[in-house]
């Protein structure tokens with residue numbers, strides 16, 4: 001179970017870093033992170049950190065792809081985790 005939490009922490013930190021990096025690049029007209037890369041990191045598990053970061057730094061908040069897509073990914077991920085817990089495949093031991 002510890003590997004699960006390490007992965008979750010890593011992918012969320014990566015999502016935060018990429019979102020902030022893209023915001024800074026947008027302000028300075030530098031090389032940008034591709035939107036599909038940001039979406040892919042969200043799908044891999046960084047959706048919550050990406051959504052919070054986007055709201056905090058006001059980045060990609062006018063893009064429907066992100067403002068609808070990221071919450072949709074969060075709901076899907078929550079459903080998958082709920083299903084895995086319900087089936088007994090994923091057990092959270094505190």
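Take the residues in segment 28-57 that are touching a helix residue (DSSP H, G or I) at 6+ places or on another chain (Cβ under 7 Å) and not in a helix (DSSP H, G or I); name whichever of them is farthest from residue 18 (Cα to Cα).
In this case the residue turns out to be 31.
Regarding residue 14, is this residue out of contact with any strand residue (DSSP E or B) (no Cβ under 6 Å at 6 or more places or on another chain), modelled with pLDDT of 95 or more and in a helix (DSSP H, G or I)?
yes
Among 83, 76, which is the only one that is in a helix (DSSP H, G or I), modelled with pLDDT of 95 or more and over 18 Å from residue 9 (Cβ atoms)?
The conditions single out 76.
Any residue in segment 58-68 that is assigned to a loop (DSSP other than H, G, I, E, B), touching a helix residue (DSSP H, G or I) at 6+ places or on another chain (Cβ under 6 Å), modelled with pLDDT of 95 or more and loosely packed, with under 15 Cβ neighbours inside 10 Å?
No, that holds for no residue.
For segment 76-84, indicate whether the set of residues that are in contact (Cβ under 8 Å) with a residue 12 or more places away in the chain and surrounded by 11 or more Cβ atoms within 10 Å (Cβ to Cβ) is non-empty.
Yes: segment 76-84 contains one or more residues that are in contact (Cβ under 8 Å) with a residue 12 or more places away in the chain and surrounded by 11 or more Cβ atoms within 10 Å (Cβ to Cβ).
The values are calculated or read from the model by the stated rules, or taken from the named source; none is laboratory data. Computed from a prediction, not measured in an experiment: that's the story for all the values here. Virtual Cβ from ideal backbone geometry, glycine too; neighbours counted across all protein chains shown.
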